[in-house]
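Taking it in order: structure first as structure tokens, then the write-up.
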Amino acid sequence: MAVTQPALRFEVVARARPCAGEFVNGDLVRWKQVGEATFVLVVDATGHGKEARRVAELVEHTFDSAELDDPVAFMSSLDQCLRGSRGAAAALARLDADQRRLSYAGVGNVSGRVLGSHDTQLVAREGTLGQHFRVPKLQTLDLESGDLLLMHSDGISGRFSSNGFPELAGAALPFLATQLLERFGKLYDDASCALVRVEEPGPDGSEHELEVDSEQ
Ligand SMILES: [Mn+2]
């Protein structure tokens, strides 16, 4: 007899800060709940400062007004929207609570990893949205309670692991996000990260609760 597993719940925390000497950010982190699906977007507009900020705002508007579904399709539509701009790197994750599944697509230097019972590096297609675009591959992964999805721009060095950063396993997400920016953030680049902890639904049945924490 097939056992139906309960829908997962996701805790989302996102942080971004501009590079030293700038007041506006070309990095952007956004998330959105659409029915059973949670979408998380990380964007790094080329360069920094006001021009990069304008590109980030264009992406923000596109994301907020889009009918999100397939991450690959969204990358293609972002590429269209950014034609004629200086371009951006981006990745979009879709987490399905019912199907307990992640789907993911990325273009350019935005990193994605899932840490849990296995450590999976998500692959981005080389290129720049709006400039040199090739359709990325959709990656899918079954999610388990305790998994941590970690997405970040190249303003955060990817050279950390659970060995040098043991807090990754269990610390509260707001703390982890701050640590990523302070310990692994590059001073002279905009930096951003999004973290999603996968959890079983609580005893009160609040399986679709989305916790949101943002300082942008
Ligand atoms: Mn960057």
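Pick out the one residue from S157, S161 that is closer than 26 Å to C19 by Cα and away from the ligand (no atom under 15 Å from the Cβ). Don't jump to the end; show me each part of the working.
Working: S157 fails: away from the ligand (no atom under 15 Å from the Cβ).
Criteria check complete, one pass: S161.
Name the residues in the range 96-112 that are surrounded by fewer than 21 Cβ atoms within 10 Å (Cβ to Cβ) and within 20 Å of R159 (Cα to Cα), would you?
Passing the criteria: only N109.
Residues that are within 16 Å of the ligand (Cβ to nearest atom) and at pLDDT 95 or above: which strands (runs of 3 or more DSSP E) entirely in the range 16-129 hold 2 or more of them?
Those strands (runs of 3 or more DSSP E) span 27-34, 37-45, 88-96, 101-107, 110-115.
Looking at the range 130-159 only, could you name the residues that are of a type in the set (S, T, Y), in contact (Cβ under 8 Å) with a residue 60 or more places away in the chain and not in a loop (DSSP other than H, G, I, E, B)?
Of everything in the range 130-159, just one residue is of a type in the set (S, T, Y), in contact (Cβ under 8 Å) with a residue 60 or more places away in the chain and not in a loop (DSSP other than H, G, I, E, B), namely S153.
Going residue by residue through the range 130-142, is there one that turns out to be exposed (fewer than 15 other Cβ atoms within 10 Å of the Cβ) and within 16 Å of the ligand (Cβ to nearest atom)? Can you show your working first?
Residues of the range 130-142 that are exposed (fewer than 15 other Cβ atoms within 10 Å of the Cβ), as a first pass: 132, 134-135, 137-138, 140, 142.
Pick out the ones that are also within 16 Å of the ligand (Cβ to nearest atom) and you get none.
Scanning the range 130-142 turns up no residue that is exposed (fewer than 15 other Cβ atoms within 10 Å of the Cβ) and within 16 Å of the ligand (Cβ to nearest atom).
The values are calculated or read from the model by the stated rules, or taken from the named source; none is laboratory data. Given the structure is predicted, the values throughout are model-derived calculations rather than measurements. FYI the Cβ positions are ideal-geometry reconstructions off the backbone, even for glycines, and counts take in every protein chain you see.
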